[in-house]
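Contents: one structure, followed by commentary.
Nothing in this text is a laboratory measurement; each read-out follows from the coordinates by a stated rule. Fair warning: this is a prediction, and the values are worked out from it, not measured in the lab. Backbone-built Cβ (ideal geometry, glycine too); neighbour counts: all protein chains shown.
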Amino acid sequence: MPLDFDRWDVLSVLFQRAIELPPEEQTDFLFEQCGDNTEMLHDLQSLLEAHRAGNSKLLDGQVIAPTEMG
């Protein structure tokens, strides 16, 4: 499946904005920004959880888009 770079751009911007907020405001921010897009909401929640756990593929708060393999 080809990588949707526009989607990664949106995820990156929203993720960056979310981590700049206090943790107690992040969930409301994500719901507000994602609306009915549950896939994006899930992806952003996963990125935040990984960021908090310190075991993510993040560099200085920037999401690193995976390259297409194969």
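Give me the three principal axis extents of segment 8-48 from the C-alpha atoms, as integers in angstrom, largest value leading.
So the three principal-axis extents are 23, 18, 15 Å.
List the residues, sorted by chain then number, that are 5 or more residues from residue 21 or on another chain and whose placed amide H is less than 5 Å from its amide H.
Residues meeting the amide H criterion: none.
Would you mind counting up the charge near residue 30? Only other residues with Cβ under 12 Å from its Cβ, with Lys and Arg at +1 and Asp and Glu at -1.
Spelling it out: positives minus negatives among the neighbours equals -4.
Report ³J(HN,Hα) in whole Hz for each residue of segment 24-32, in order, from the Karplus equation J = 6.51 cos²θ - 1.76 cosθ + 1.60 where θ = phi - 60°; Gly and Pro get x.
6, 9, 5, 4, 4, 4, 4, 4, 5
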